[in-house]
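Below you'll find the structure, written out as structure tokens, and then a few comments.
All of the numbers you see were taken from the coordinates with simple rules; none came from a lab. Here the structure is a predicted model, which is why all the values come from computation and not from measurement. Here the Cβ positions follow ideal geometry from the backbone for every residue, glycine too, while neighbour counts run over all protein chains shown.
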Amino acid sequence: MEALCSLIVKAKHRGFIRGFKIEGRGEIENQVSHLLFANDTLLFCEDDVKKLNFWKWIIICFELVSSLKINLQKSEVIPVGETVDVNRVASLLGCKVGKFPASYLGLPLGAPNKHYGVWDSIEERFKRKLAVWKKHYLSKGGRLVFLKSNLSNLPIYFMSLFVIPKKVRIRLERIQKDFLWGDLGDKSKIHLVNWSDVCKAKNFGGLGTRRLHNLNQALLDKWL
């Protein structure tokens, strides 16, 4: 991907393409034209035929230099703000037309982070991890280890960026509680200890599981 970055940077410095401006420290403006992560790439461009053609040439040059083929049929053009003709842009680049909300690196783009639907994927992953057979074959100690090592880490990526809504937090903690105490579907067992006590540190008589609210607050505080 270094070859692609190099081509984009050179084209940007020569004024062939432009990204969008963001304010940096000391009122210095930075221009973002692309974001790369593993096999996911975001390109930011204007609704301008000339600049779009330059982007097309950058992609072609990258394919020639790297001997890689970009599958544009799996790529999408997503308009931001007012766009003259997004279908024309998609046709020029050979992509499909997409819309917000979209997903990038597992996070929703263009969706309000307080919307409950944003967290549906986390809840589904919780439920998939907690297949009924795992409750049958794990002891209470095993369920506790599984809860600490796996389930508590599932929403960390989301919670490091968004404030988890109270309603969602209660739902996720209920899933954790039911798993720990061995509830099976409609058959619920007696929860011997309050969840707040379970989440206390071991030296205070708890089991040391993480409270989602406190974890969320700590993850967000790291940006300060």
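A few points about this structure:
- Considering only alpha-carbon pairs that sit under 8 angstrom and 6 or more positions apart, the relative contact order computed for the chain is 12 percent.
- Ratio of the Cα radius of gyration of the chain to 2.2 N^0.38 Å, where N counts its residues: 1.37
- When the chain is described by a simple charge dipole with +1 on each Lys and Arg Cβ and -1 on each Asp and Glu Cβ, the residue from His13, Ile156, Gly81 located farthest towards its positive end is Ile156.
- Kirkwood hydrodynamic radius computed over region 2-99 comes to 14.3 Å, based on all pairs of distinct alpha carbons.
- For the chain, a simple Cβ point-charge model (Lys and Arg +1, Asp and Glu -1, everything else neutral) yields a dipole of about 1060 debye relative to the Cα centre.
- In the chain, excluding the sites themselves, the longest stretch lacking any of the chymotrypsin sites (Phe, Trp or Tyr not before Pro) that are in a DSSP loop with at most 15 other Cβ atoms within 10 Å is 45-222.
- Violating pairs (Cα-Cα greater than 29 angstrom) within the set Lys99/Lys167; Lys140/Lys200; Lys10/Lys69; Lys21/Lys222; Lys140/Lys222; Lys69/Lys129: Lys140/Lys222; Lys69/Lys129
- Local electrostatic count, Phe100, Cβ distance below 15 Å [Lys/Arg +1, Asp/Glu -1]: 0
- Remark: the Lys21-Ser66 segment gains 13.3 nm on full extension, using 0.36 nm per residue and subtracting the alpha carbon distance.
- Residue of Leu68, Leu147, Leu93 that the Gaussian network model of the chain assigns the largest fluctuation, springs spanning Cα pairs under 10 Å: Leu68
- Taken about its Cα centre, region 2-99 carries a charge dipole of roughly 300 debye when the Cβ of each Lys and Arg holds +1 and the Cβ of each Asp and Glu holds -1.
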